[in-house]
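What follows is a short report on a single structure.
The values are calculated or read from the model by the stated rules, or taken from the named source; none is laboratory data. Remember, predicted model here, so these are calculated numbers, not experimental data. Cβ atoms come from the backbone with ideal geometry, glycine included; neighbour counts cover every protein chain shown.
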């Protein structure tokens, strides 16, 4: 990877003493990274110039749009999440940009499916909804799930009404929505299997996704090398 060595070389440049004193840490995923520290002055005047030089040697440069020094109380976006402290507590939530982009994709699918059967629309949307929900599963996402569920419902309700402009709202409701357990207004369709058996498929409920925090792993973990290989294998079986 082009950015391999970023963290180790930065700490080597700063020295052990300064790295610890100013709490310098690097978090990287592919070509995206965040560098945290206790001193904005050190980040701006020492760390940033060094990173620019590190990238220049590799034919890269920092993106002006993505690069800024910001206090954690103001928050920042990284990998589709917003990291921000609220009254001293760090909360990680789906970023507004990520939520907006995802809803745009869902909206596009619904609006381009005016003549599509309800069951086919559900089959289109469910992988999208489930994938988005699972991506945000480790963070504080319950509120975002609920809001997205409501926005998708409103869009589907309009989709259903437009298909039957001469029918009453009650008729449209009974045709496309049902009550399942303690959940009302569930977008449900009945499909017939090849065997002739009928079954119901429903729109995936984002709010039903349980929040499961990531297990913390050492930054030096290398799953392909023992003993980390044994640990990684045990995690697969135990669900850790």
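Out of all the residues in segment 136-167, which are out of contact with any helix residue (DSSP H, G or I) (no Cβ under 9 Å at 6 or more places or on another chain) and farther than 14 Å from residue 121 by Cβ? Answer for segment 136-167, where residues must be out of contact with any helix residue (DSSP H, G or I) (no Cβ under 9 Å at 6 or more places or on another chain) and farther than 14 Å from residue 121 by Cβ: 137, 138, 139, 140, 143, 150, 154, 165, 166. Scanning segment 143-163 for residues that are farther than 17 Å from residue 178 by Cα and in contact with a strand residue (DSSP E or B) (Cβ under 7 Å, 6 or more places away or on another chain) yields one hit, 144. Number of residues in segment 182-200 that are farther than 18 Å from residue 122 by Cβ and within 33 Å of the chain's Cα centre (by Cα): the value is 1.
Here residue 140 meets each of (1) in a helix (DSSP H, G or I); (2) in contact with a strand residue (DSSP E or B) (Cβ under 6 Å, 6 or more places away or on another chain); (3) under 23 Å from residue 95 (Cα atoms) with one exception, condition (1). Quick check, is residue 52 more than 19 Å from the chain's Cα centre (by Cα), loosely packed, with under 13 Cβ neighbours inside 10 Å and modelled with pLDDT of 95 or more? Criteria not met by residue 52. Here the condition is being surrounded by 14 or more Cβ atoms within 10 Å (Cβ to Cβ) and within 12 Å of the chain's Cα centre (by Cα); of 113, 95, it holds for 95 alone. For residue 27, only one of the following conditions fails: (1) surrounded by 11 or more Cβ atoms within 10 Å (Cβ to Cβ); (2) under 30 Å from residue 149 (Cα atoms). What is its number? Failing condition for residue 27: (2).
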